[in-house]
Amino acid sequence: SAVIPFGAPVVLYVSGGASDGTVVPFGASNVSADFAGIACRRVKQALSFATENFGQYTDLDVADIMERGSIMVVCPTGDPTPGGDVYIRVALNASYPDAVIGDIEAVSDSTNNVKITNCKFAGEKDANNVVELVILQRQGV
């Protein structure tokens with residue numbers, strides 16, 4: 001029951017050894033094989049003017065997840081290159097004070113982030129840290 005921001009990596013929620021298809025944010029205990037995709041923004045009608053621009057899914061929302069293909073994501077740490085490795089932060093590190101768990105990154109940080117083996121960057125990031133990420137194949141979904 002966690003908020004899933006648009007562009008965040010997700011994993012299938014597993015309880016009792018099985019999943020019902022529910023997803024949760026990629027977290028500190030997750031590994032590359034857990035990666036299920038990236039939360040995508042669905043264009044939908046706003047039900048409340050005050051909350052129409054929040055960039056996230058809330059608890060019990062039906063979430064669209066990119067499982068294979070290309071998607072634009074924010075990469076605040078490292079400098080992505082075409083074909084470059086993709087990492088997801090799983091622990092904090094004082095060397096990267098602005099990094100948060102779940103960030104998509106372009107540089108290895110020992111055990112503080114996890115290399116996602118079925119993803120690659122398709123180019124360099126722009127001035128807003130936005131870069132194209134390619135999910136090469138569906139993984140366990």
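The values are calculated or read from the model by the stated rules, or taken from the named source; none is laboratory data. Nothing here was measured: the structure is a model prediction, and the numbers come from that model. Quick reminder, even Gly has a Cβ in these numbers, built from the backbone with ideal geometry, and neighbours come from all protein chains shown. Note: accessible area is taken over every heavy atom of the protein model, side chains too, but ligands, DNA and RNA are not part of it. Shrake-Rupley method; radii C 1.70, N 1.55, O 1.52, S 1.80 Å.
Things to note:
- Subset of region 89-114 (residues that are charged (D, E, K, R) and surrounded by 20 or more Cβ atoms within 10 Å (Cβ to Cβ)): Arg89, Asp103, Glu105
- Filter pass, Val86 being open to solvent by less than 70 Å² (accessible area, probe 1.4 Å), in contact with a Leu (Cβ under 9 Å, 6 or more places away or on another chain), touching a residue at least 60 places away in the same chain (Cβ under 8 Å) and assigned to a strand (DSSP E or B): no
- Selection of first residues in region 58-75 that are under 22 Å from Ala33 (Cβ atoms) and free of Cβ contacts under 8 Å to residues at least 60 places away in the same chain and of second residues that are surrounded by 16 or more Cβ atoms within 10 Å (Cβ to Cβ) and of a type in the set (Ser, Thr, Tyr), restricted to Cβ pairs under 7 Å at least 6 apart or on distinct chains, gives the following pairs, ordered by first then second residue: Ala63/Tyr57.
- Residue match in region 67-90 (condition: over 18 Å from Val131 (Cα atoms) and at pLDDT 95 or above): yes
- Entry remark, region 1-36: residues being among the polar types (S, T, N, Q) and under 20 Å from Asn113 (Cα atoms) number 3 in total.
- For region 115-139, taking the residues that are of a type in the set (A, V, I, L, M, F, W, C) and open to solvent by 30 Å² or more (accessible area, probe 1.4 Å), the one that is farthest from the chain's Cα centre (by Cα) is identified as Ala127.
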